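Structure first, then comments.
The values are calculated or read from the model by the stated rules, or taken from the named source; none is laboratory data. In this text the structure is predicted, and so the values were computed from the model without any measurement. Every residue, glycine among them, receives a Cβ derived from its backbone with ideal geometry; neighbour counts consider all protein chains shown.
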Amino acid sequence: MTDAARFALLVEPHRRELQVHCYRMLANFEDAQDLTQETFLRAWHKRESFQGHAALRTWLYRIATNACLDFLDKRRPELPGTDLELPHLRPYPDPMLPEDPQDSAVARETIELAFIVAVQHLPPRQRAVFVLRDVLGWPASAAAGALELTVASVTSALQRARVTVREQLPGRRLDWRHPATHELSGDERGVVKAYIDAHERNDLDGLAALLRDDLRFAMLPDPGTVLRTAKDAVDGWVSGGLFERGHDDWRGIPTTVNRMPAAALYLRSPGDPAHRPFAIAALHVVDGKIAELTGFDVGGTPWPGLPPTL
């Protein structure tokens with residue numbers, strides 16, 4: 001067996017958890033995949049420096065964190081003046097999460113979109129400190145070593161990060177430390193089904209009835225489209241022509257992204273024999289209604305776990 005093959009056997013079992021780590025840093029699944037591969041390339045080139053004093057997993061996380069920081073240094077600045085400020089945000093397909101449902105690294109409350117968005121408001125190094133300390137549970141000394149900071153700097157950065165994350169989380173999410181659960185509730189499953197049914201019936205009133213009055217709605221990758229009430233969302237759908245003809249040919253599949261209930265919507269264009277992916281709607285359900293709806297344009301994009309056509 002070659003050295004490269006032996007190295008791959010060692011690092012490959014860590015791929016999925018490292019992808020999640022990179023996703024928390026970058027908020028984009030495709031970028032997280034690329035940076036995980038970059039992590040393995042850097043690890044291969046630095047393999048002689050691995051002395052075994054730390055666990056291989058810790059060493060890889062250190063490399064991944066710094067690879068993400070380098071990437072963020074080059075990423076174009078966030079767009080000012082928008083509420084969400086995340087034109088690059090993309091959901092994380094649940095089939096690509098680590099398989100162990102008890103893995104604390106992918107606890108539902110730290111992979112949901114509201115948490116991911118809140119974390120992105122942190123400056124990159126503060127973000128890294130927060131993820132290493134409060135999500136992964138690293139001691140301050142380990143985080144300081146990974147980021148080449150002092151323990152005092154890490155402690156100060158963490159305190160500031162916690163304040164920012166709490167300010168950015170929606171009012172219903174002031175504490176991200178609730179017990180993790182990975183199973184959808186009956187309410188969540190029912191709302192997803194009703195959301196899909198409303199599309200397939202071209203029923204705008206039925207869709208509106210699923211929304212809380214204080215809905216928070218965004219459709220990405222268009223920045224600056226965060227709406228704050230159900231009425232605003234419905235008005236936007238009407239002006240955008242949703243169900244205007246009364247016979248749009250929709251189909252939908254219940255799914256999950258970021259360990260959240262979601263609907264994968266497919267639309268058939270006139271003359272096309274197949275329904276093709278149109279959008280994924282990630283839903284946060286509170287008391288049987290949709291409190292947050294984040295839509296992602298996935299037209300023409302293969303999505304893990306979903307068929308390319310219906």
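Checking Thr82 against (1) over 27 Å from Pro304 (Cβ atoms); (2) modelled with pLDDT under 70; (3) outside any loop (DSSP other than H, G, I, E, B), only one condition comes out false. Which one? The one condition Thr82 does not meet is (3). Looking only at the range 212-230, decide whether some residue is outside the structural domain of Leu89 (by TED's automatic domain parsing), touching a strand residue (DSSP E or B) at 6+ places or on another chain (Cβ under 8 Å), at pLDDT 90 or above and under 24 Å from Glu183 (Cβ atoms). Among the residues of the range 212-230, at least one is outside the structural domain of Leu89 (by TED's automatic domain parsing), touching a strand residue (DSSP E or B) at 6+ places or on another chain (Cβ under 8 Å), at pLDDT 90 or above and under 24 Å from Glu183 (Cβ atoms), which makes the answer yes.
All told, Ala27 falls short of being buried (at least 22 other Cβ atoms within 10 Å of the Cβ) and not acidic (Asp, Glu). Within the range 107-137, the set of residues being modelled with pLDDT of 95 or more and either more than 20 Å from Leu18 (Cα to Cα) or among the aromatic types (Phe, Trp, Tyr) (or both) comprises Phe130 only. For the range 198-217, taking the residues that are acidic (Asp, Glu) and farther than 17 Å from Glu244 by Cα, the one that is surrounded by the most Cβ atoms within 10 Å (Cβ to Cβ) is identified as Asp214. I'd like to know if the range 33-45 contains one or more residues that are of a type outside the set (Phe, Trp, Tyr), surrounded by fewer than 20 Cβ atoms within 10 Å (Cβ to Cβ), over 26 Å from the mean Cα position of the chain (by Cα) and on the phi > 0 side of the Ramachandran plot. Within the range 33-45, none of the residues are of a type outside the set (Phe, Trp, Tyr), surrounded by fewer than 20 Cβ atoms within 10 Å (Cβ to Cβ), over 26 Å from the mean Cα position of the chain (by Cα) and on the phi > 0 side of the Ramachandran plot.
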